[in-house]
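Q: This structure is in structure tokens; I'll ask about it shortly.
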Amino acid sequence: MNLKEIKEIISLMNENELAEIEIEREGGKIKIKKTMDASSAAVGPPAVAQPYRVETQAAPPAAPAEKASPATSENTKSITSPMVGTFYRSPSPESPPFVDMGQIIEVGQVVCIVEAMKLMNEIKSEFKGKIVQIPVDNAEPVEFGQPLFIIEPV
């Protein structure tokens, strides 16, 4: 859940005079509670914005049936994410992807970008091979060690 969504939830809470809300979605859980101190406990609408406390929790691991894991075998290797971030297949939305399915890649070739904390990190191939699977969608969040490309060595 991003900051814009949290701000929208807080606006809805103010409009509907809610003191607390809890939302659970795939990938996480958020609880927002309006805190009140003695000076703001007066009856009637508050004159100033109330402070909020936001609590988040990671969701329990998803069931394996939700998304198929990348098909790996003894003769394939994976290029994995070296960090938590957002996966991008191209340098900009208008640009073509760095690599495509079936393409032969070389050692040191840039295959994607993982954005972490507003920094764009180029991910380079550690081996030569043919791309047989791309298990991550463009602009999708990725975890440390998550396979980004499945490669069949050449």
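Each value in this text was obtained by applying a stated rule to the coordinates, not by laboratory testing. Please read all numbers here as calculations on a predicted model, not as lab measurements. Note that each Cβ is placed from the backbone with ideal geometry, even for glycine, and that neighbours are counted across all protein chains shown.
Q: Testing the spin-label approximation: label points 7 Å from Cα along Cα→Cβ at Ser90 and Asn14. State their distance in nm.
A: Distance between label points: 3.9 nm.
Q: For a 29 Å ceiling on Cα separation, which of these pairs sit above it: Lys31/Lys118; Lys29/Lys118; Lys31/Lys124; Lys4/Lys34; Lys29/Lys77?
A: Working: Lys31/Lys118 26 Å; Lys29/Lys118 24 Å; Lys31/Lys124 39 Å; Lys4/Lys34 18 Å; Lys29/Lys77 34 Å.
Where the Cα-Cα span goes over 29 Å, the pairs concerned are Lys31/Lys124; Lys29/Lys77.
Q: What is the spin-label model distance, in nm, from Ala139 to Leu3 if the labels are put 7 Å beyond Cα along the C-beta direction?
A: 1.9 nm
Q: Pro91: net charge of surrounding residues, Cβ under 15 Å, Lys/Arg +1, Asp/Glu -1, itself excluded?
A: On the way: positive: Arg89, Lys124; negative: Glu94, Asp100, Glu115, Glu122.
Here the charged neighbours net out to -2.
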